[in-house]
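Student: Got a structure for you, questions after.
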Amino acid sequence: MTLLLKPITRLSLFQTHFQINNNNNPRARATSVSCSWSHGAHKIVREFDPKIPIEKAITPPSSWYTDPSFYAFELDRVFYRGWQAVGYTEQIQEPRDFFSGRLGNVEFVVCREDNGKIAAFHNGWTYGLNGELRKATRISGIEDFSINDFGLVPIKVATWGPFVLLNMDNEILQKDNIDTDNVASEWLGSSSELFSLNGVDTTLTYVCRREYIIECNWKVFCDNYLDGGYHVPFAHKGLASGLSLDSYTTSIFEKVSIQSAEGGSKEKEDDRLGSKAFYAFIYPNFMINRYGPWMDTNLAIPLGPRKCLVVFDYFLEASFKDDKAFIERSLADSEKVQENTQMEDIRLCEGVQKGIESPAYSTGRYAPNVEKAMHHFHCLLYDNLIN
């Protein structure tokens, strides 16, 4: 796995080749086909009961992690609704900067317009920064075609701190203005102040990115993150040596869970982990890790019932951004620990996926003292999927 520097992309027009039509909105498209599989998916959802306390609760069934129809249902109910983290404001600092991505079946592009505003669209053909169609190739012979009728379909976009968020829900699309406070309330709930207090803000400088494709359902990766440090002393001995695991705590909020632990070194201010580690999970698939002068984020993007892409982005406090020796030393240390940690997690997650797919497995149980955040995650999923 190599470190990748952030690409700066700046073009006058978006050059892409995904055909667009009036059904490009994923919610509209999903609604047209949902009747065929929603009944079966609802039955699978109800195999988990969020009302049972964690001490007696059974985990979601294996079908939540393997069934293709459940995966399609999940995209519609979980990812095509609500605010989703997709990138960073540093990626679109200047007018005409943009980045593109994919979430489920949706190709999207986020850009900064000439007037400085941020916009987002479903992707297709060749368009201007305002989403107007500029050029459609190889369409000769089409009658009654007007480029004005085929502009990019907009997506609601907002920012909080350094993060760019998208919301593909039709209802939010009808609103003219998006209030930042409302976005923070919906996305982070009552935990939003804790992020600022723990140094998650726009003063951080983007450093680099890693990407991993993992042969497991995206929820397996999230479950692994949310087990309250249960697997750390066994699977991550290098990481465990830098943390005081006895100090591990978990706090639950509306759509957020926060795990924290004291670092192994409180005296060395430039230590990679620092005196405290702050691990936040923002439903459904975004993780923020703040330690010492560093922050890294993990975004688990579903690629199918048994595959996901996990994107790791690294940030550094502004006061360290010109200290090349510190950055090189810190990244070298990070390479040793983080690279091992990620490879250990990949092996662990892929092994869990294989175990889930075994005909001998159906459901499991929670470790009540440490897996509160995982249980909370499953309850949030249930609420999204059943309503």
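Each value in this text was obtained by applying a stated rule to the coordinates, not by laboratory testing. Only a predicted model underlies this, so the values are computations on that prediction, with no experimental measurement involved.
Student: What translational diffusion coefficient, in µm²/s and rounded to a whole number, does the Stokes-Einstein relation yield for the stretch 61-113 at 10 °C and a viscosity of 1.306 mPa s, taking the hydrodynamic radius as the Kirkwood radius over Cα pairs?
Tutor: So the translational diffusion coefficient is about 121 µm²/s.
Student: Compute the orientation-averaged projected area for the stretch 159-216 from the convex hull of its Cα atoms and round it to one decimal in nm².
Tutor: With the hull built on Cα positions only, its mean projection is 6.4 nm².
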